[in-house]
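Each reported figure results from applying straightforward, stated rules to the coordinates on display, with no laboratory input. Quantities reported herein were computed from a predicted structural model and do not represent experimental measurements. Note that we place each Cβ from the backbone using ideal geometry, even for glycine, and neighbour counts take in every protein chain shown.
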Amino acid sequence: MKLVPITTKDLPPLDRALPFPLLDAAGRLLVGAGVRVTDDRLRQVLLSTPLFAEEHHCADWQRRLKDAMDRRLRAGAPLKEVVAARPDDAPGDVIARSLSTGDAWFELRSRLDATLREVRPGTDWRARLRELHARSRVLMDKRFDESLYHLVYEGVHFTEHYSARHAWMTQVVAERVARMLGWPKTEVDSLGLAALTMNVSMLRLQDQLARSHGPLLPAQRQEVDTHAARSALQLLEAGLDDPLAIEVVRHHHDESKDKEPLASQGPVGRLARLLRRVDIFGAKINRRAGRAAMSPLMAARGACLGPTGKPDEIGSALLRSVGMYPPGSFVELASGEIGIVVSRGRRANLPLVAALIAPNGDVYSKPVLRDTLDQRHAVKAAVKPDRVKVRIAHDKVLALAAAKSRLH
């Protein structure tokens, strides 16, 4: 990630919601977006510490800041008023108002990580978790392809906050599949909470393993093998008031009934079976320090296969939900171009693609939208992420798909 320096002069007053996350020089989160700094000690730390932000997180704010200063300059305002200009804040929550989809998921990831570290009696973790869950639903319903794009892209490129990022990927995909299967809303709600909390008992270990090389130590293997039961117990003792979600967490690695017909299983069996399948799908496409991410195509193909080795009801719905080439993954086209999938198409194997690299290897100055329904631009093969050495302007890439959507 590229960090850019930030001064407090470039920010709104610290007792107002921050427009993007503030980091230290090492890229560690100091204060999340939407936070109001009212604590005097934290305020002094921020005023005396070199501050940074990820370039793509603060780009929108800096553009709006420049526009606000330009407006005052054109109006003939004194120089001190021009320098003091700040963007007008839109009403409402920071995630709902000014953040791009990628920034919104970054903020959700940071807040989920903090929330899951507080899962114990006597904290407000349940209210915070349900609030985050509700916000994710807004993003899913309004911007599903963009959400999947960012979750997949970050999964194959980054290892930071692995556990929280994997939880969001699992929740988004699992709920989408459950809706497609027509399962009751109450069950979908419990499924989402289970996806977000299934690894709570090994949160720190999971993050550590994502950054580590080499095999698991015996104690680590024991922690991984027992995490489902321990997570369920931790949620119960911490007061989660959703018995179905707790049981789904307890059984999300139980394969004993996988060969039974889905229709013959109760809610716990069905939801746990779906969660397990999506959990494996997400884990395969997530990068770790010790191994590269699997191609999303290979992960999607594997995820659609049931215990008999053939596509089943869950697998078919999963494939329809994410596509054979999920948004955020790279593909080579029949034209010889290499691009990134920006949204699902009319069929699982017909995505919309932003071409980034020409057949001769030159990088396009601007991404070019390709509809793979056109045989000249049909998908030829999935491409491993490490083959694509291109700096991607995600906002421009996603704007292409948005513009095409508005035309139809």
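Numbers for the structure displayed
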read-out: Length gained when the stretch ASP141-ASP124 is fully extended (0.36 nm per residue, less Cα-Cα span); value: 3.5 nm
read-out: Partner lysines for LYS185 [C-alpha distance under 21 Å; skip if fewer than 8 residues away on the same chain]; value: LYS142
read-out: Stretchable slack from ASP24 to ILE392, in nm (0.36 nm times residue separation minus alpha-carbon distance); value: 130.1 nm
read-out: Charge sum, other residues only, whose C-beta stays under 10 Å from GLY239's C-beta, Lys/Arg counted +1 and Asp/Glu -1; value: 0
read-out: Choice from TYR364, TYR162, TYR325 showing the highest fluctuation, given a GNM over the chain with Cα pairs closer than 10 Å; value: TYR364
read-out: Estimated inter-spin distance, ALA77 and SER48, nm [label 7 Å along Cα→Cβ]; value: 3.2 nm
read-out: Among LEU79, LEU47, LEU116: highest mean-square fluctuation, GNM of the chain, C-alpha pairs under 10 Å; value: LEU79
read-out: Cα gyration tensor shape of region 99-322, rounded if a/c is under 1.5, else prolate or oblate by comparing a/b with b/c; value: rounded
read-out: Cβ-defined net charge surrounding CYS304, 13 Å radius [Lys, Arg +1; Asp, Glu -1]; value: +3
read-out: 14 Å beta-carbon shell around ALA317, net charge (K/R +1, D/E -1); value: +4
read-out: Point-to-point label distance, ASP241-ARG179, nm (Cα→Cβ direction, 7 Å offset); value: 2.6 nm
read-out: Prolate/oblate/rounded label for region 330-407 (Cα gyration tensor, a/c 1.5); value: oblate
read-out: Selection from VAL322, GLN265, ALA174 lying farthest towards where the dipole of the chain points positive, charges on Cβ; value: VAL322
read-out: By average C-beta atoms within 10 angstrom, highest first, the peptides 378-386, 270-278; value: 270-278, 378-386
read-out: Modelled FRET efficiency - R0 51 Å, ASP10 with LYS259, Cβ distances, 0.05 increments; value: 0.30
read-out: The chain, helix-only ellipticity at 222 nm - DSSP H runs n ≥ 4, -39,500 (n - 2.57), divided by all residues, nearest 500; value: -15500 deg cm²/dmol
read-out: Global geometry of region 3-86, whether rounded, prolate or oblate, following the gyration tensor of its Cα atoms and the 1.5 cut on a/c; value: prolate
read-out: DSSP-loop trypsin sites (Lys or Arg not before Pro) across region 186-269, with at most 12 other Cβ within 10 angstrom; value: ARG211, LYS259
read-out: Sorted by Cβ neighbour density within 10 Å, fewest at the top, the residues GLU131, GLU107; value: GLU131, GLU107
read-out: Relative contact order of region 3-86, pairs being alpha-carbon contacts under 8 Å that are 6 or more residues apart, as %; value: 30 percent
read-out: Order of HIS394, HIS251 - criterion: other Cβ atoms within 10 Å of each residue's Cβ, fewest first; value: HIS394, HIS251
read-out: Burial ordering of HIS227, HIS157, HIS133, fewest other beta-carbon atoms within 10 Å first; value: HIS157, HIS133, HIS227
read-out: Cα-centred dipole magnitude for the chain, charges only on beta-carbon of K, R (+1) and D, E (-1), debye, nearest 20; value: 860 debye
